[in-house]
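Below you'll find the structure, written out as structure tokens, and then a few comments.
The values are calculated or read from the model by the stated rules, or taken from the named source; none is laboratory data. Not measured: the values here are computed from a predicted model. Methodologically, a virtual Cβ is constructed for each residue, glycine included, from the backbone with ideal geometry; neighbour enumeration extends over all protein chains shown. Only protein heavy atoms, including side chains, enter the accessible area calculation; ligands, DNA and RNA are left aside. Shrake-Rupley method; radii C 1.70, N 1.55, O 1.52, S 1.80 Å.
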Amino acid sequence: MNWKKIGILIADIVLGVYLVLAITAFNRPDEQDAVCREVKINITDGAGNGFLNTNEVKRQLQHAKVYPLGDRMSDVCTRQIEETLLKSPLVEEVECYKTQTGRVYINLKQRIAVMRIMANNGESYYIDNQGAFIPSKNNSTDLVVATGDIKHKYAQTTLKQFGLLLFDDPFWRSQIEQLNVLPDGSIEMIPRVGDHIVYLGQPTHLNEKLVRLEKFYRYGLSKAGWNKYSYINIEFSNQIICKKRRGS
């Protein structure tokens, strides 16, 4: 007798029996008929930094008729859910998976806008932290608004970087209300506090200029008065040129 062949034959039989039992176990009628009883939606940076919330995600899925709650788990297509959400310009990444306990998890990373653009040519949109455009339709935010002579490339490079600088600094995020881009590419700032305009000049060395301006605000205007000057020029290094308001 060839014991080696007999051993292989026995191993094949055992493996075959195991596969039959495994397939039978994973296809029990009660599991095939299980329905989705909960949908868990998690949005990265969802607490006030973006436009999306769980209700909006749910609405998008319902509109596309792929919201899985109540559907049979075997009919839930996680890839279709991902593709549906990725069609939104507000979504950067999405991952969807389901569990044997009847739950569907959706982990979503949304695009974070850092500035709103309202150009002279009539275009209105947001720039996100990657330099991508986000439509402004039905969106509202207290972000800095940039107006003036703004081309797409300028928005995606210069204004994106400036927006990130303002967005990451609590002081400037609350202080600056509007930027105005002049035809030569230089920038004026309009603050929320104080009736004056700040001229930055060309958008270079912005961090250095803002540090200088913050010191002037804290140790100069806070004592002299926020409305004493109508125009503040911080274009040049190591100096601040101010134009007094009439009658002050």
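For the reader, a short list of remarks on this structure follows.
- Of the residues making up the stretch 105-124, those that are under 24 Å from L61 (Cβ atoms) and either modelled with pLDDT of 95 or more or part of a loop (DSSP other than H, G, I, E, B) (or both) are Y105, I106, N107, R111, I112.
- Looking only at residues in the stretch 229-248 that are open to solvent by 60 Å² or more (accessible area, probe 1.4 Å) and of a type in the set (A, V, I, L, M, F, W, C), the one that is nearest to F216 (Cα to Cα) is I241.
- The stretch 55-74 residues that are within 18 Å of G102 (Cα to Cα), paired with ones that are of a type in the set (D, E) (beta carbon under 7 Å, 6 or more apart): R72/D33
- Within the stretch 201-222, the residues that satisfy the criterion of being under 29 Å from the mean Cα position of the chain (by Cα), touching a residue at least 12 places away in the same chain (Cβ under 8 Å) and within 14 Å of W172 (Cα to Cα) are L206, N207, E208, K209, L210, L213, E214.
- The stretch 22-64, residues that are modelled with pLDDT under 65 and of a type outside the set (D, E, K, R): A22, I23, T24, A25, F26, N27, P29, Q32, G46, A47, G48
- At least 2 residues being in contact with a His (Cβ under 9 Å, 6 or more places away or on another chain) and surrounded by fewer than 18 Cβ atoms within 10 Å (Cβ to Cβ) is the threshold, and among the strands (runs of 3 or more DSSP E) wholly inside the stretch 125-217 not one reaches it.
- Subset tally (residues that are closer than 14 Å to Q175 by Cβ and not in a loop (DSSP other than H, G, I, E, B)) for the stretch 223-235: 1
- If you go through the stretch 78-106 and keep only what is open to solvent by 50 Å² or more (accessible area, probe 1.4 Å) and in contact with a Phe, Trp or Tyr (Cβ under 9 Å, 6 or more places away or on another chain), you end up with P89, E95, Y97, K98, Y105.
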